[in-house]
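Working notes, structure below.
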Amino acid sequence: MIEAVGLTKRYGRTVAVNELSFTVRPGRVTGFLGPNGAGKSTTMRMILGLDRPTAGDVLIDGRHYRDLHRPLRHIGALLDAKWVHPNRSARAHLRWLARSNGLPRGRVEEVLELVGLASVADRNAGAFSLGMAQRLGIAAALLGDPQILLFDEPVNGLDPEGIHWIRQLMRRLAAEGRTVFVSSHLLSEMAQTADELVVIGKGRLIAQSGAAEFVERASGAAVRVRSPQLERLRTALASTAGARVRDEDDALVVTGLTSDQVGEVAAAQGVVLHELSPQRGSLEEAFIRMTSGAVEYHAEETGEHLHLGDAGAEGQR
Amino acid sequence: MNLLAVERIKLFSTRSPWWSMLAALVLMLGMSTLFAAVLEPGALEVAATQVGYDLALMVVMVMATLAVTTEYRFNTIKVSFQATPRRSAVLLAKTVVVAVLAGLLGEIAAFGSWGLARLVRPEADLRIDTAAEWRQVAGVGLVWALGAVLAVAVGALLRQTAGAVTLLLVYALLVESLVGLIPKVGQNIRRWLPFTHANHFVRGGGQPAEGGQENALSLPFGPWGSLAYFAGVVLVILVLALVTVNRRDA
Ligand SMILES: Nc1ncnc2c1ncn2[C@@H]1O[C@H](COP(=O)(O)OP(=O)(O)OP(=O)(O)O)[C@@H](O)[C@H]1O
Ligand SMILES: [Mg+2]
């Protein structure tokens, strides 16, 4: 389990992570979602004790990373596949890592076998393709057979086969009861792997919820209505709590309400409807909307982060 | 113990340390042999067999600097601190491994140079029979070890190869001698500079008749005092590096 409380990191005047609180639980894949520069890598570096938080705290099973004895046995991580010496062999890289945490040499061979690098292990890591480097990074993460795993954009730049392999691996690790925390800037990617999502934008928490709920909410957020009595409908909707209305050609697009709710509002006013259709926009589009300025503004305005799922979803309506 | 093994594996699993060590050895043996071959018979004494030690030390310091700065360059320092969050322990283990290596290499280079000089000039009196002569030969390893510690510390402070190597070489090869040229105060400052003392430890003779530059400088300590002073300066910079490495983001 990973718990972040009020985690904040400033680099000079840049606020990379801003009062971020979330929990990553065992037995499932938790996606860490946010656009480029949202603060995902920074958060992961703080989890591993590499960067010192400006404020707040992050604990691994109740302890600070720096207090873990032989930490690779508790938590394995792949933050960047390029963090290897290009003129050192893959085997030597894993060998020093294993030695630092008192792991037997045989374990190096096991993980090399596991990621399919056994036959090229004596080649220099600098000569590896991106996919091979990624596999080496994963071998390093698995070295101590840890209960917690961190992956920072592990599928970046991989071919479909590599992506498939990593997805399967993450699902398997979670099925074994481990805690798997994996970052991505693609919602569609996370929708396929993650059970739970921690979504951030500009260093702040936007949502922590089940992945399915988030996707449903993100993609089904808008309802399009057409009516000959458009003005009456607009007025009625505008006074409904949680609803936001904008014009689109000769129709209204309502966010914050389900199509059921829009239909009920219309019926209550005796307004005739010519169209009532939930908009299944693209996931990425919805995600961009949620993580961009609008949400930032919204979150500040209400003084609360937008919470989805559980009780939070109700609060939105 | 594990951490020493880790640093040993890291150092020897890439080629460049081997090349640096070979270069240092060849440089020192070559210079000493050449010098022994051309020197007047009367002038060739034990101290003179170690002429190349300070230049070869620069190569050793480059090797020691690289042991740290390549970790920063390729970000393996982050992996190191991830594996061992006690950063001081990581840096100290690296320091010990590099220093021991530099020390051993220094002894091999020193006695090798002396041996080659004897081969080249069998007629010269090159027996090591005074304490001062032992120091002039065996002392090379000690200075190399301390120089390596200094280089590791500077490498950890600056984190990048070009900066650290330039600083170390320009300082050791140029700055200390140039300071001596400043009118009036120059010599007074120079009396307290670390490499002047390292040199005094290795070259400083028991007999004032030698009349080298260092003797003319009238240093505050004897040879062993100079070594202690050099070690003290190195230690201060090492402590500075440890504090800095623990404070900042990896
Ligand atoms: N060491 C650093 N020094 C200064 N600024 C930094 C540093 N690391 C990150 N930042 C800044 O902090 C912000 C968050 O960066 P971070 O790398 O954590 O984002 P990210 O979510 O991982 O993005 P990406 O998807 O591009 O990997 C960015 O604005 C970045 O420029
Ligand atoms: Mg990143």
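The values are calculated or read from the model by the stated rules, or taken from the named source; none is laboratory data. As the structure is a computational prediction, the values presented were derived from the model and not from experiment. Cβ: placed from backbone, ideal geometry, glycine included. Neighbour counts: every protein chain shown. Only protein heavy atoms, including side chains, enter the accessible area calculation; ligands, DNA and RNA are left aside. Shrake-Rupley method; radii C 1.70, N 1.55, O 1.52, S 1.80 Å.
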| request: Would you rank B:123, A:248, A:196 by solvent-accessible area, highest first, keeping every protein chain in place and using a 1.4 Å probe? | output: B:123, A:248, A:196
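Based on the Kirkwood radius over alpha-carbon pairs, what value in µm²/s does the Stokes-Einstein equation return for the translational diffusion coefficient of segment A:1-135 at 4 °C and 1.567 mPa s? Write out the running numbers ahead of the final one.
Numbers: Rh = 16.7 Å.
Answer from the Stokes-Einstein relation: 78 µm²/s.
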| note | The long-range amide H neighbours of residue A:29, using H built 1.01 Å from N in the peptide plane and a cut-off of under 5 Å, are A:195, A:196
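Write down Rg/Rh for segment A:150-281, rounded to two decimals, with Rg from the C-alpha atoms and Rh from the Kirkwood relation over Cα pairs.
Details: Rg = 20.0 Å, Rh = 17.4 Å.
In segment A:150-281, Rg relative to Rh is 1.15.
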| Where B meets A: accessible area buried, both sides, 1.4 Å probe, Å² | 2400 Å²
| Accessible area per residue, Å², chain B with all protein chains present, probe 1.4 Å | 44 Å²
| field | With every protein chain in place, the protein assembly as shown: carbon and sulfur % of accessible area (1.4 Å) | value | 58 percent
| task | May I ask you to derive the FRET efficiency for residue A:161 and residue B:75 from their Cβ-Cβ distance with R0 = 30 Å, giving the value to the nearest 0.05? | result | 0.65
| note | Residues of segment B:13-32 that bury at least 20 Å² of accessible area, probe 1.4 Å, when all protein chains are present rather than the chain alone, are B:13, B:14
| message | Rounded to the nearest 10 Å², what accessible area does residue B:111 have for a 1.4 Å probe in the complete protein model? | response | 70 Å²
| message | Let me cross-check residue B:203: its accessible surface, 1.4 Å probe, with only protein heavy atoms counted, in Å² to the nearest 10? | response | 70 Å²
| Complex-versus-alone comparison for segment B:54-91, residues with a loss of 40 Å² or more in accessible area, probe 1.4 Å | B:74, B:76, B:78, B:79, B:82, B:83, B:85
| Of A:202/B:10; A:9/A:82; A:82/A:202; A:9/B:78; A:82/B:10, which pairs sit farther than 28 Å apart, going by alpha carbon to alpha carbon? | A:202/B:10
| Nearest-0.05 FRET efficiency for residue A:188 and residue B:22, computed from C-beta distance (R0 41 Å) | 0.15
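Based on DSSP H assignment, which helices of chain B show an axial Cα extent of at least 27 Å together with a mean Kyte-Doolittle hydropathy greater than or equal to -1.0?
B:16-38, B:53-73, B:87-120, B:131-158, B:223-247
Would you mind getting the Kirkwood hydrodynamic radius of chain B from its Cα pairs, rounded to one decimal in Å? Spell out each step's value before the answer.
Values: mean 1/r = 0.0530 Å⁻¹.
In chain B this quantity evaluates to 18.9 Å.
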| message | Test of understanding: express the Cα radius of gyration of segment B:110-191 as a ratio to 2.2 N^0.38 Å, with N the residue count. | response | 1.51
| remark: For residue A:268, placing the label point 7 angstrom along Cα-to-beta-carbon and taking segment A:208-247, residues whose amide nitrogen sits under 19 Å are A:223-227, A:229-246
| request: Working with all protein chains in place, sort B:181, A:112, B:55 by solvent-accessible area computed with a 1.4 Å probe, largest first. | output: B:181, B:55, A:112
| request: With a 1.4 Å probe and every protein chain left in place, tell me how much accessible area residue B:237 has, in Å² to the nearest 10. | output: 40 Å²
| said: Suppose all protein chains stay in the model; what accessible area per residue would a 1.4 Å probe give for segment A:221-279, in Å²? | reply: 52 Å²
| note | Fraction of alpha-carbon pairs in the protein assembly as shown farther than 46 Å apart, rounded to whole percent, equals 36 percent
| field | Cα pair count fraction exceeding 27 Å, expressed as % - chain A | value | 50 percent
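Within 10 Å of each Cβ in peptide A:89-100, how many partner chain Cβ atoms are there on average? Round it to a whole number, please.
Details: counts 2, 0, 1, 5, 5, 0, 5, 13, 9, 4, 11, 14.
Rounded to a whole number, the mean comes out at 6.
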| task | Over segment A:2-217, average the accessible area per residue using a 1.4 Å probe and give it in Å², no decimals. | result | 39 Å²
| field | Residues with amide H under 5 Å from that of residue A:20, placed H, sequence gap 5 or more | value | A:6, A:7, A:8
| In nm, to one decimal, how far is the modelled label at residue A:288 from the one at residue A:129, with both set 7 Å along Cα→Cβ? | 3.1 nm
| Nearest 0.05, what FRET efficiency do residue B:130 and residue A:105 give at R0 = 60 Å with Cβ-Cβ as r? | 0.75
| request: Name all residues of segment B:130-161 having a backbone nitrogen under 19 Å from the label point set 7 Å from the Cα of residue B:100 along its Cα→Cβ direction, giving them as ranges. | output: B:141-153
| Point-to-point label distance, residue A:235-residue A:168, nm (Cα→Cβ direction, 7 Å offset) | 6.2 nm
| field | Choice from A:139, A:241, A:81 showing the highest fluctuation, given a GNM over chain A with Cα pairs closer than 10 Å | value | A:241
